[in-house]
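Report on one structure; see the data block that follows.
Just so it is clear, none of the values below were taken in a lab; they were calculated from the coordinates. Bear in mind that the values here come from a model prediction, so they are computed numbers and not experimental data. So basically every Cβ, Gly included, is an ideal-geometry build from the backbone, and we count neighbours across all protein chains shown.
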Amino acid sequence: MKFINSMEEFLEESNTIILKFYLHISAEEQMDRIGRRLSNERKKWKYDPSDTRDAQKLTAYQAVYESIFKTCNNIPWIIVPADAKWYRNLVVAETIVETLESLNLKFPNYSTQKPDSGQ
């Protein structure tokens, strides 16, 4: 985890903007999605047997995530409820837009540049 914090510090010192999203899906929604992947012919391509194995390890994964949230927090995590995909997308998109707007970016003024001499 020290490596992650060091990397984040390096990126911040380089004026890199970092947004860290954790998309939180409830255990119930995760099982519903796995069930839909297995029962719907058009969604079977999304299913991987590891999905079911991983879902059974949810408690262990949550403990690891909690450790990461506490340890790798130079840059704050944005924990996004992700059961409803439309809401997940809205939160992520709004966060990105707000971040970009806060940078007050401007298009370069090319009219002040000298024309290319062709050489």
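Lysines within cross-link reach of LYS43: Cα-Cα under 21 Å, excluding same-chain residues under 8 positions apart?
Of all the lysines, those that pass the test against LYS43 - Cα under 21 Å, at least 8 places apart if same chain - are LYS85.
Select from ASN40, ALA63, THR16 the residue farthest towards the positive end of the dipole of segment 2-104; place +1 on Cβ of Lys and Arg, -1 on Cβ of Asp and Glu, and compute about the Cα centre.
ASN40
From the phi of every residue in segment 44-53, what ³J(HN,Hα) in whole Hz does the Karplus formula 6.51 cos²θ - 1.76 cosθ + 1.60 yield, where θ is phi - 60° and glycine or proline is x?
Running phi through 6.51 cos²θ - 1.76 cosθ + 1.60 with θ = phi - 60° gives 4, 4, 7, 7, 9, x, 5, 4, 5, 4 Hz.
Jot down the per residue volume, in cubic angstrom and as a whole number, of the convex hull over the alpha-carbon atoms of the chain.
Value for the chain: 233 Å³ per residue.
Taking 7 Å along the Cα-to-C-beta vector as the label spot, tell me the ILE68-SER6 distance in nanometres, rounded to one decimal.
The modelled label-to-label distance comes out at 2.0 nm.
Quick one: length gained pulling ASN40 to ALA84 fully straight, 0.36 nm per residue minus the C-alpha distance?
13.9 nm
Hey, what did the chain get for relative contact order, percent, Cα under 8 Å, at least 6 apart?
For the chain, the relative contact order is 37 percent.
Tell me which residues come under 5 Å, amide H to amide H, from HIS24 once H is placed; ignore anything under 5 positions away on its chain.
Those lying under 5 Å, H to H, from HIS24 are VAL80, ALA82.
Please state the charge dipole magnitude for the chain, taken about the Cα centre, from unit charges on C-beta atoms (+1 on K and R, -1 on D and E), reported in debye and rounded to the nearest 20.
520
Give, as a single signed number, the net charge of other residues whose beta carbon lies under 14 Å from the beta carbon of ASP51, with Lys and Arg counted +1 and Asp and Glu -1.
So the surrounding residues net to +4.
Mind checking which of THR52, MET1, SER102 is farthest towards the positive end of the chain's charge dipole, using Cβ charges of +1 (Lys, Arg) and -1 (Asp, Glu) about the Cα centre?
About the Cα centre, the residue reaching furthest to the positive side is THR52.
Compare GLU41, GLU66, GLU94 in a GNM of the chain, Cα atoms joined below 10 Å, and give the one with the largest fluctuation.
Looking only at GLU41, GLU66, GLU94, the biggest GNM fluctuation is shown by GLU41.
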